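What follows is one structure encoded as structure tokens, with my remarks underneath.
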Amino acid sequence: MDDPFDLKNFTISVIPERRVGTPAKIQKRRKNFVMVPINWWEKLEDCRSAKTILLAIYLLYLHWKNRGKPFKLPNGMLEYDGTSRRTKWRALPDLEQRGLITVERRRSPIIHVHLEPQPPAPAPPRRSKPKLEEIEYTDELRQLYRREMAGSCALRRQ
């Protein structure tokens, strides 16, 4: 008789393991190295984020690989190294402000690396709300404001 609780019915056939190797692109990449200019070292000394420093070193490598020409910085290999696209977009303005690179902002930014010391880039201007003194209050605007305030107060009373 066929026993439903026989252990042979519950065994799993062994699937032969397939070794997954490291892709050739990654194996080649592991043989590479990066030389860091002293002025970059000095400008990155007080950097608080390790990811920013790693991105700077990776940018030096890409600069060498592209023979000193500007290059695009896609997210693919950065994510393989553990750097998210958000981290990339946080680190790029920091490196730009230190005068190490210039960034053409677009979907995949174009990076210009400066090996020679550059004066630090000014911080990007922040959007600010207009000050109250800059707004011209006309009689019409004052009446509109009073109506709005009176309407909101009337709604609160109900």
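Structure above, values below:
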| quantity | calculated |
| --- | --- |
| Compactness relative to 2.2 N^0.38 Å, alpha carbon Rg of the range 24-113 | 1.03 |
| Inter-label distance, nm, simple model (7 Å from Cα along the C-beta direction), Arg85/Leu141 | 4.0 |
| FRET efficiency for Trp64 and Glu42, using Cβ-Cβ distance with R0 set to 30 Å, rounded to 0.05 | 0.90 |
| Label zone at Leu115 (point 7 Å along Cα-to-Cβ), backbone N below 11 Å, the range 54-74 | 63-65, 67-69 |
| Per DSSP, loop GluC sites (Glu not before Pro) in the range 1-70 with at most 10 further Cβ within 10 Å | Glu17, Glu45 |
| Likely footprinting exposure, Asp94, Asp2, fewest C-beta neighbours within 10 Å first | Asp2, Asp94 |
| Gain in span if fully extended, Leu54 to Glu17, counting 0.36 nm per residue against the direct Cα distance | 9.8 nm |
| FRET E, pair Ala24, Arg105, Förster distance 35 Å, beta-carbon r, rounded to 0.05 | 0.60 |
| Relative exposure of Thr11, Thr83, Thr102, judged by other C-beta atoms within 10 Å (fewest first) | Thr11, Thr102, Thr83 |
| Of the trypsin sites (Lys or Arg not before Pro) in the range 1-81, those whose Cβ has at most 13 other Cβ within 10 Å and which sit in DSSP loop | Arg18, Arg19, Lys31, Arg48, Arg67 |
| Chymotrypsin sites (Phe, Trp or Tyr not before Pro) restricted to DSSP loop in the range 1-76 with at most 14 other C-beta within 10 Å | Phe5, Phe33 |
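Throughout, read-outs are computed from the coordinates displayed, never taken from laboratory work. Worth saying up front: this structure is predicted, and the values here are computed from it rather than measured. Note that each Cβ is placed from the backbone with ideal geometry, even for glycine, and that neighbours are counted across all protein chains shown.
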